[in-house]
Amino acid sequence: MKKLAKQQVFKDPLYGFIHVDYELIRKLIDSSLFQRLRRVRQLSGVQMVFHGAEHSRFSHSLGVYEIANRFLTVPDIQNALSEREKLIFLSSALLHDIGHGAYSHAFEDIFGVSHEKIGAALIMHDQEVFKVLSSIDANFASDVASIILKQKKFPLIEQLISSQLDVDRLDYLERDAYFTGAAYGHIDVDRLIRVLYIKNGQVVFKLSGIHAIENYLIARYHMYWQVYYHPVARAYEVTLEKIYKRVKDLLLADFTFKGNVEPLQNIISNPSNLDSYIEIDDFYINGLIASFMKSEDEILKSLANDFLNRKIWGYLNDIEENREKIEEIKKSYTQEELKYYTSYRTVHNSTYNDDGEGFGDKIYILLENGKISTLKEQSKIIESLMLSGTKTDPKFFYKKK
């Protein structure tokens, strides 16, 4: 667990500096696999609405690592984790998104892959990353992979990495708000860290910090509906999904492409093909879609034009009042076009939900008498929003003629 002779820092717009003390972390950041995250945007189609949202999974992952580093200043966490477990925590925070593909979730939906499973597999099979992690000990890489897969081997670390209030969410909400210019995502991270304690292996927050938690959950809710689920961003991602679908169908029909579709072809035949998976970043996909502009397939060519030139599709709320209009739009397409030029998509989000029984599914509050309660029991605002702050948005998307 060798430390650097001199601390290395990365200048960051949110935190001032991101601090690297361990040689292991520096080597992981310098690895080809981690550098690949520079070529995967954090917010996919959101950039079509908020032009400043050009930041990458690389900068987000560094941010999550830095928040994890700051969590380690909490006395209870210092006492609860061994030196080795602290390094597992930092490594897992840094590598939590290592398995993301191009334009992230659109890719996962069409090709049936999970970035968590891919990430864990990459940690174990990428020679460079595996060698770096194994320099600690023979089981270190598999222990980091177990955090990504949520195998409950290190329950406290898993809560800190992935729960209702974790290092991942704390960075992406603040970072995404910063780069989109949205006013909703600001979180008092320093306050949340100050009120964090560990009781019986469980992450808890002092009652005095409940206002910071309420603000965090409300900010998260607004970010989802105003940014992540913005209908224009969703429409743009539908176009990308339809491109993937058309490519997949044409490959199965032995269509001859002008661009290099081999990595995609390999993933279709074997979603576990890691070598092909890591080739597929945003740069590759953008270049491939540019080649489709010269395709002999009119549907693919048309979809590529929409994607590259921001021809945003139309959308209607999928409700009873619009049924007739939706059917009228659908009738204007041939059966073949319907598959690629129309789509139903529904998103759902709530302010807070504590129905789950797993690690981190509830936010626990430490009372002044030392007893542990739940956020729902201690916050009238959150209790009220759990009843009213749930929203579903079904939409019909269609290519404009």
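Quick notes
- Tally, over the stretch 119-145, of residues that are out of contact with any Phe, Trp or Tyr (no Cβ under 6 Å at 6 or more places or on another chain), in contact (Cβ under 8 Å) with a residue 24 or more places away in the chain and part of a helix (DSSP H, G or I): 13
- Checking Gln151 against (1) more than 22 Å from Glu237 (Cβ to Cβ); (2) assigned to a helix (DSSP H, G or I), the condition it does not meet: (2)
- From Val9, Val20, residue being part of a strand (DSSP E or B) and out of contact with any helix residue (DSSP H, G or I) (no Cβ under 6 Å at 6 or more places or on another chain): Val9
- Residue within the stretch 336-345 that is assigned to a strand (DSSP E or B) and without any contact (Cβ under 8 Å) to a residue 60 or more places away in the chain present: yes
- Among (1) among the charged types (D, E, K, R); (2) loosely packed, with under 11 Cβ neighbours inside 10 Å; (3) under 26 Å from the mean Cα position of the chain (by Cα) - the single one Asp361 does not satisfy: (2)
- Of the candidates Tyr284, Tyr333, the single residue that is more than 17 Å from Tyr244 (Cβ to Cβ) and aromatic (Phe, Trp, Tyr) is Tyr333.
- Ile372 being farther than 30 Å from Tyr341 by Cβ and touching a Leu at 6+ places or on another chain (Cβ under 7 Å): yes
- Residue among Glu108, Glu54 that alone is within 30 Å of Trp313 (Cβ to Cβ) and without any contact (Cβ under 8 Å) to a residue 60 or more places away in the chain: Glu108
- Positions within the stretch 105-115 being touching a Ser or Thr at 6+ places or on another chain (Cβ under 9 Å) and either loosely packed, with under 15 Cβ neighbours inside 10 Å or within 20 Å of Lys150 (Cα to Cα) (or both), in sequence order: His105, Glu108, Val113, His115
- Taken over the stretch 352-401, the criterion of being within 30 Å of Trp313 (Cβ to Cβ) and not in a loop (DSSP other than H, G, I, E, B) is satisfied by Thr390, Lys391, Thr392, Asp393, Pro394, Lys395, Phe396, Phe397, Tyr398.
- Which listed residue is in contact with a Ser or Thr (Cβ under 9 Å, 6 or more places away or on another chain), closer than 24 Å to Asp126 by Cβ and either at pLDDT 95 or above or not hydroxyl-bearing (Ser, Thr, Tyr) (or both), from Val40, Val46: Val40
- In the stretch 299-321, the residues that are assigned to a loop (DSSP other than H, G, I, E, B) and touching a residue at least 12 places away in the same chain (Cβ under 8 Å): Arg310, Lys311, Ile312, Trp313, Asp318, Ile319
- Among the residues listed as Gly259, Gly185, the single one being under 19 Å from the mean Cα position of the chain (by Cα), among the small types (Gly, Ala, Ser), on the phi < 0 side of the Ramachandran plot and at pLDDT below 95: Gly185
- Residues of the stretch 32-75 classified as in a loop (DSSP other than H, G, I, E, B) and surrounded by 19 or more Cβ atoms within 10 Å (Cβ to Cβ), total: 7
- A count restricted to the stretch 377-401 and to residues that are surrounded by 14 or more Cβ atoms within 10 Å (Cβ to Cβ), closer than 30 Å to Phe205 by Cα and charged (D, E, K, R) stands at 2.
- Among (1) more than 23 Å from the chain's Cα centre (by Cα); (2) modelled with pLDDT of 90 or more; (3) at negative phi - the single one Asp254 does not satisfy: (3)
The values are calculated or read from the model by the stated rules, or taken from the named source; none is laboratory data. Just so you know, these numbers come straight off a predicted model, no measurement behind them. We place every Cβ from the backbone using ideal geometry, glycine too, and count neighbours over all the protein chains shown.
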